[in-house]
Amino acid sequence: MGQILRISAFINQWKKDRRVRIGITVAAVFVSALIQSYALQVFVRPAGIISGGFTGMAMLVERLGELKGLIIPMQVTMLLLNIPVALLCCKGISIRFTIFSLVQVFLSSIFLQIFNFSPIFTDEVLNVIFGGVIFGSAIVIALRGNASTGGTDFIALFVSNRTGLSIWSYVFFGNAVMYCFYGAIFGWKHAGYSIIFQFCNTQVINTFYKKYKKKTLLIVTDNPAAVSADLLELTNHSSTILKGFGSYSANKKYLIYTVLSDSDVRKMKKRIREQYPDTFVNVINSSDVVGNFYIQPLE
């Protein structure tokens, strides 16, 4: 057990190193941009659909330009759309986060020019489903690495930081309006496929990125002072401590009540397993929280 604790402490200290965190973000941005450009070339374009957000808007502008005989590269439009929104949202998100997100957009534009990935499927449905999942994975990799793929991600994270609410579902409905416009011009079948693509994309994000999803943590312990101190150290969240007793043992017990984000719950559960193996923990999904709730700011 002692060896495991030392290894865990070393890993936690390693993760706190600023250079390591920046390295992780750089790697996440590079991989995310590569996967995004791959999904666009292999699945999205062969299916005749457009993605969501500003990337989808750039694809729409490119298609509209083709109707008029104009060449409007989506790579250029992506940058032109992202830069002003990034400047407007950077103070409400994080300058570092915004810069790395713009680097991701720039790399995606470059990769779309220098790589020429070949389609895998000829079936439109397979392209839509696989494209949505893989494109969504690219977004999650960027978000988990403390960056984003830009565009509506900036807006969604800006609102989430201000309100504490996840608005990815609203982003989906906003994209649906764009798809209806696309369908009116280029055909409703492709618009319908685009909506399915975006639904798969959104589900991947909601499943694997849970920073703004809240959970109630109920901890039954004999050592409330130490557990609540660890809770404050790890998550910057305080708690409410209630006195009680075990109905079977009749021993004095304490109930620690707090609300955390999903990532904070994982950190706290890990600490409890390592330091307080006899502690009982119950985790409950919280649909809404009224009152002050601390959200760890983006770096």
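General remarks:
- In the chain, helical runs assigned H by DSSP with n ≥ 4 each contribute -39500 (n - 2.57); averaged across all residues and rounded to the nearest 500, the mean residue ellipticity at 222 nm is -21000 deg cm²/dmol.
- Relative contact order %, the range 63-174, counting alpha carbon pairs below 8 Å whose residues are six or more apart: 33
- Given R0 = 25 Å, the distance between the Cβ atoms of residue 251 and residue 273 translates into a calculated FRET efficiency of 0.70.
- Rounded if a/c under 1.5, otherwise prolate or oblate - the range 107-208, Cα gyration tensor axes: oblate
- Taking the C-alpha atoms only, the angle from helix 152-163 to the longest principal axis of the chain is near 30 degrees.
- Of 222, 278, the residue with the largest accessible area leads and the full order is 278, 222 (1.4 Å probe).
- For the range 150-259, the dipole from Cβ point charges (+1 on Lys and Arg, -1 on Asp and Glu) about the Cα centre works out to 240 debye, to the nearest 20.
- Peptides ranked, highest mean first, by Cβ atoms within 10 Å: ranges 115-122, 244-251: 115-122, 244-251
- A convex hull fitted to the Cα coordinates of the range 103-154 yields 92 cubic angstrom per residue.
- Taking 0.36 nm per residue of separation and subtracting the current Cα-Cα distance, fully stretching the chain between residue 34 and residue 234 would add 68.7 nm.
- Protein accessible area in the chain, 1.4 Å probe - carbon and sulfur %: 64
- Ranked packing of 190-203, 59-72, most packed first, by mean Cβ within 10 Å: 190-203, 59-72
- Within a straight-line Cα-Cα reach of under 28 Å, residue 214 can be paired with the following lysines, leaving aside sequence neighbours fewer than 8 residues apart in one chain: 15, 16, 91, 243, 253, 267, 269, 270.
- Virtual spin-label span in nm between residue 188 and residue 123, 7 Å along Cα→Cβ: 2.5
- Over the range 171-299, Cα pairs under 8 Å with separation of 6+ residues give a relative contact order of 27 percent.
- Annotation for residue 95 and residue 27: the two label points, set 7 Å from Cα along the Cα-Cβ direction, are 2.7 nm apart.
- Look at the dipole of the range 47-136 built from charges on Cβ: of 125, 70, 106, the Cα furthest out on the positive end belongs to 106.
- For the chain, the longest principal axis of the C-alpha atoms and the axis of helix 224-235 are separated by about 20°.
- Computed over protein heavy atoms with a 1.4 angstrom probe, the accessible surface ordering of 98, 240, largest first, is 240, 98.
- Per residue, the solvent-accessible area of the chain (1.4 Å probe, heavy atoms of protein chains only, all protein chains present) comes to 53 Å².
- A straight line joining the Cα centroids of the range 171-247 and the range 66-109 runs 25 Å.
- Equivalent ellipsoid, the range 218-289 (semi-axes from 5 times Cα gyration tensor eigenvalues, Å): 20, 14, 11
- For the chain: rounded, prolate or oblate by the Cα gyration tensor [a/c cutoff 1.5]: prolate
- Rounded to the nearest 20 debye, dipole of the range 16-130 from Cβ charges on Lys, Arg, Asp, Glu: 640
- Summed side-chain charge close to residue 185 - residues other than residue 185 whose Cβ falls under 15 Å, Lys, Arg +1, Asp, Glu -1: +1
The values are calculated or read from the model by the stated rules, or taken from the named source; none is laboratory data. All of these numbers come straight from a predicted model, not from anything done at the bench. Cβ atoms come from the backbone with ideal geometry, glycine included; neighbour counts cover every protein chain shown. Accessible surface areas use protein heavy atoms only, side chains included; no ligands, DNA or RNA. Shrake-Rupley method; radii C 1.70, N 1.55, O 1.52, S 1.80 Å.
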